[in-house]
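Working notes for the structure below.
The values are calculated or read from the model by the stated rules, or taken from the named source; none is laboratory data. Keep in mind it's a predicted model, so treat the numbers as computed, not measured. So basically every Cβ, Gly included, is an ideal-geometry build from the backbone, and we count neighbours across all protein chains shown. Remember, those area values only see protein heavy atoms, side chains included, never the ligands or the DNA or RNA. Shrake-Rupley method; radii C 1.70, N 1.55, O 1.52, S 1.80 Å.
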Amino acid sequence: GAGVSQTPSNKVTEKGKYVELRCDPISGHTALYWYRQSLGQGPEFLIYFQGTGAADDSGLPNDRFFAVRPEGSVSTLKIQRTERGDSAVYLCASSPAGAYNEQFFGPGTRLTVL
Amino acid sequence: KQEVTQIPAALSVPEGENLVLNCSFTDSAIYNLQWFRQDPGKGLTSLLLIQSSQREQTSGRLNASLDKSSGRSTLYIAASQPGDSATYLCAVRPGGGSEKLVFGKGTKLTVNP
């Protein structure tokens, strides 16, 4: 079956621009997560959805970052007024419901802000 | 605040050697621990998941152990191959209702032919 997919695979933008990153989770997975990975670091948690609602957004760095999951499947991470420090790989993961389940990761979107 | 440390940061071994990667975490109250592999420029591939009530998990040449009380996990790779070269990441799911994973920085493994 299909895994988690993310589009685009690479995104280059200019400072100050708005970007959207898309995540398609594994079919039937109710939990969806966004992480950010900077060079040489492990992924850092951004936000977690259970169904359509953001159950934990404590990792979002500031109010320029926002994510939605309107139908409980596809999610979009939105970044306003991008800054050079936003450059990183943005990873999406999904999981069946429940705290004891594995998270399955997508290939990531590499965002470069010039 | 949960923190995860992985030692060593990098490791280079000849093909065929058995090796151990280490992971430590500061708060023993966890739901589970997951080991991942990351190839350059790629996403994460889940290798093994150990629940907090378990001591170890095995998959092929990989064996992961968990000592929750001491805050430690090890990933044992038997008979290493050049194809095992990658960065290995350890992540814990903290207890207390948290759904996120907290990652270490990883160990970059190179297996030389």
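Could you check the range A:9-38 and list, in sequence order, the residues that are within 14 Å of another protein chain (Cβ to nearest Cβ) and part of a loop (DSSP other than H, G, I, E, B)?
In the first step, residues of the range A:9-38 are kept if they are within 14 Å of another protein chain (Cβ to nearest Cβ); the result is A:9-10, A:21, A:23-26, A:29-38.
Of everything in the range A:9-38, those that are within 14 Å of another protein chain (Cβ to nearest Cβ) and part of a loop (DSSP other than H, G, I, E, B) turn out to be A:SER9, A:PRO25, A:ILE26, A:HIS29, A:THR30, A:SER38.
Please give the number of the condition A:TRP34 fails out of (1) out of contact with any Leu (no Cβ under 6 Å at 6 or more places or on another chain); (2) aromatic (Phe, Trp, Tyr); (3) modelled with pLDDT of 95 or more.
(1)
Within the range B:57-74, is even one residue under 12 Å from the mean Cα position of the chain (by Cα) and open to solvent by 60 Å² or more (accessible area, probe 1.4 Å)?
yes
Of all the residues that make up the range B:71-106, how many are at pLDDT 95 or above and farther than 19 Å from A:LEU91 by Cα?
Number of matching residues: 15.
Look at the range B:98-113 and say how many of its residues are basic (Lys, Arg) and at the interface with chain A (Cβ under 7 Å from one of its Cβ atoms).
2
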